[in-house]
Amino acid sequence: MSFAKRSHPSADRNSQPISEALLSQIDRSTQNLQLLEIASGSGQHAGFLAPLLPNITFHPTEYERGQFGSISAYAEECATGNIRAPLHVDVTRDPRDWESPPAPASYDYMFNSNMMHISPWACSIGLFRAAGQLLKKGGRMFTYGPYAQDGLLVPQSNVDFDRSLRQRDASWGVRDIKDLKVLAADNGLQLEKLVEMPSNNKFLTWLKL
């Protein structure tokens with residue numbers, strides 16, 4: 001095992017349910033599909049998912065360059081060899097201004113896990129802007145994490161979590177799906193499916209129209 005690989009207990013716990021939600025909605029037969037992961041973190045999710053989807057090339061991205069070694073280690077150890085080297089992405093910037101700007105409408109899928117609540121709102125804005133530009137028509141963005149719905153955040157553990165986030169950084173906090181729907185509409189997407197997940201999280205599917 002590479003010493004560069006990092007692992008987080010939360011990713012260990014949620015990788016399996018995320019994979020089940022993803023596999024139920026993704027094309028597993030068409031070859032050479034492309035998936036862009038925003039905020040790959042340690043690379044654990046790509047490392048878990050890519051071998052299950054050998055027909056899809058995973059393109060991990062991360063803002064923190066200190067994570068690149070771990071992401072690269074997962075890519076190198078991937079038996080199916082379908083994880084690319086990580087790219088530096090500041091999602092608050094227009095994709096045309098990224099270090100390696102992707103071609104418009106070049107991805108079949110996007111994936112983002114546990115970013116929106118531990119980042120400024122500008123990152124959520126940027127995430128949906130990127131999806132609007134980079135997904136093909138009919139493509140899907142999958143997002144995972146805790147969410148409020150129409151102003152209601154449940155259970156109490158999520159309320160407490162949201163409070164702790166905002167105490168750490170006033171720009172953080174659990175996002176409301178109704179606000180994300182506005183961002184989606186502004187960028188040519190709509191919420192297609194919501195799957196309830198363990199530990200009071202949700203798996204959201206956003207369709208590019």
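The values are calculated or read from the model by the stated rules, or taken from the named source; none is laboratory data. Computed from a prediction, not measured in an experiment: that's the story for all the values here. As a convention, Cβ positions derive from the backbone with ideal geometry for all residues, glycine included, and neighbour counts pool all protein chains shown.
Restricting attention to the stretch 187-207, report how many residues are touching a residue at least 40 places away in the same chain (Cβ under 8 Å) and either out of contact with any Gly (no Cβ under 8 Å at 6 or more places or on another chain) or farther than 19 Å from Ala105 by Cβ (or both). Spell out how you get there, then give the answer.
Step one: filter the stretch 187-207 for residues touching a residue at least 40 places away in the same chain (Cβ under 8 Å), giving 187-189, 192-193, 195, 197-207.
Now drop any that are not either out of contact with any Gly (no Cβ under 8 Å at 6 or more places or on another chain) or farther than 19 Å from Ala105 by Cβ (or both), which leaves 192-193, 195, 197-206.
Matching residues across the stretch 187-207 total 13.
Return the residue satisfying two criteria in turn: it lies in the stretch 27-54 and is more than 15 Å from the chain's Cα centre (by Cα) and among the hydrophobic types (A, V, I, L, M, F, W, C), and of such residues it is farthest from Pro95 (Cα to Cα). Break it down stepwise before answering.
Filtering the stretch 27-54 for residues more than 15 Å from the chain's Cα centre (by Cα) gives 27-33, 51-54.
With the extra rule that they be among the hydrophobic types (A, V, I, L, M, F, W, C), the set shrinks to 33, 52-53.
Working: Leu33: 20, Leu52: 28, Leu53: 26 Å.
Once the filter is applied, the top-ranked residue is Leu52.
For Pro86, indicate whether it is in contact with a strand residue (DSSP E or B) (Cβ under 7 Å, 6 or more places away or on another chain), farther than 20 Å from Phe203 by Cβ and either surrounded by 22 or more Cβ atoms within 10 Å (Cβ to Cβ) or not hydroxyl-bearing (Ser, Thr, Tyr) (or both). Outline the logic, then answer.
On the way: in contact with a strand residue (DSSP E or B) (Cβ under 7 Å, 6 or more places away or on another chain): yes; farther than 20 Å from Phe203 by Cβ: yes; either surrounded by 22 or more Cβ atoms within 10 Å (Cβ to Cβ) or not hydroxyl-bearing (Ser, Thr, Tyr) (or both): yes.
In short, yes.
For the stretch 1-33, how many residues are modelled with pLDDT of 95 or more and in contact with an Asp or Glu (Cβ under 7 Å, 6 or more places away or on another chain)?
1
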